[in-house]
């Protein structure tokens, strides 16, 4: 598309989580630090909650990439599974050989033995579950049983739940209060601030190979923040479309009007109007107020 036009090696604003483009904003760095401290302390459940598009999957991948050889990790991207299927998925991730006809008791026993073996090797087992808000209640209960596996010193398995705010609603139910009490560390991801959106745009362009003058000037960057409320996924979508529009006009810089047009074409973004519309509307309101007072 516009790679050659802007001098890019690759597309800068893809929506697929790519750790090479990871931007260390304050909230993501704090969340990552929370995860690393929790794992080091040997806690049972850790919860990371964030709205759609705030980068939970990317954070999960960054976290997994940060773990060293002292940890053995398991990652389940879609935990919308019945309890037995979830246990099979965990066994597979931990390289535990279990017959396909094994019942839940045998599954739990095999996983426990594998976790004990890892503990003897001095390794920590970490299970990351993405989209955890989709987990059925009975599967959450099966997950809680896994954290019963422990030595006198620490848990044999640490579980990290990444989910949307609906996860909090699910954990608030009385039926899962035992699991809720075991969540020892938690963090809520926030959207990017206006200043962070500016830095985020520049960062992704730089990683993609851009070396020219500022591609998103201050007014365009502000418009991106207003249109997206700082949600990274929406920032990527709107920025990509705005660059397409600038490219279509043969320009080397994105303008505010390109961002506004991109926002209008993005259902989840806020449709923006030029600032002069706001001033004109305020003038009409003022004139109406004056007219009302004159007729009194």
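See the values below:
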| item | result |
| --- | --- |
| Considering residues of the range 194-207 that are touching a residue at least 60 places away in the same chain (Cβ under 8 Å) and under 19 Å from the mean Cα position of the chain (by Cα) only, the residue surrounded by the fewest Cβ atoms within 10 Å (Cβ to Cβ) | 199 |
| Contacts under 9 angstrom Cβ, first residue in the range 8-26 being touching a residue at least 12 places away in the same chain (Cβ under 8 Å), partner surrounded by fewer than 11 Cβ atoms within 10 Å (Cβ to Cβ), 6 or more apart | 19/65 |
| Residue list for the range 104-118, restricted to those being in contact with a helix residue (DSSP H, G or I) (Cβ under 8 Å, 6 or more places away or on another chain) and exposed (fewer than 14 other Cβ atoms within 10 Å of the Cβ) | 104 |
| The range 169-214, residues that are assigned to a loop (DSSP other than H, G, I, E, B) and more than 19 Å from residue 255 (Cα to Cα) | 172, 173, 182, 189, 190, 191, 192, 193, 208, 209 |
| Hits in the range 215-265 (condition: buried (at least 18 other Cβ atoms within 10 Å of the Cβ) and not in a helix (DSSP H, G or I)) | 215, 216, 230, 231, 254, 255 |
| Residue 173 touching a residue at least 24 places away in the same chain (Cβ under 8 Å), in the same structural domain as residue 132 (by TED's automatic domain parsing) and exposed (fewer than 15 other Cβ atoms within 10 Å of the Cβ) | yes |
| Some residue of the range 7-17 being in contact with a helix residue (DSSP H, G or I) (Cβ under 7 Å, 6 or more places away or on another chain) and not in a loop (DSSP other than H, G, I, E, B) | no |
| All positions within the range 35-51 that are at pLDDT 95 or above and surrounded by fewer than 20 Cβ atoms within 10 Å (Cβ to Cβ) | 51 |
| All positions within the range 146-168 that are farther than 18 Å from residue 96 by Cα, out of contact with any helix residue (DSSP H, G or I) (no Cβ under 6 Å at 6 or more places or on another chain) and assigned to a helix (DSSP H, G or I) | 168 |
| Qualifying residues in the range 89-102 (those that are under 25 Å from residue 134 (Cβ atoms) and surrounded by fewer than 16 Cβ atoms within 10 Å (Cβ to Cβ)) - the one modelled with the highest pLDDT | 92 |
| Hey, residue 143 crowded, with 21+ Cβ neighbours inside 10 Å and part of a helix (DSSP H, G or I) or not | yes |
| Single unsatisfied condition, residue 165 versus (1) surrounded by fewer than 17 Cβ atoms within 10 Å (Cβ to Cβ); (2) under 30 Å from residue 113 (Cβ atoms); (3) in contact with a strand residue (DSSP E or B) (Cβ under 8 Å, 6 or more places away or on another chain) | (2) |
| Only listed residue being modelled with pLDDT under 90 and in contact with a strand residue (DSSP E or B) (Cβ under 9 Å, 6 or more places away or on another chain), chosen from 64, 143, 157 | 143 |
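The values are calculated or read from the model by the stated rules, or taken from the named source; none is laboratory data. Being a predicted model, the structure only gives us computed values, none of them experimental. Don't worry about glycine lacking a Cβ; one is built from the backbone with ideal geometry, like all the others, and counts go over all protein chains shown.
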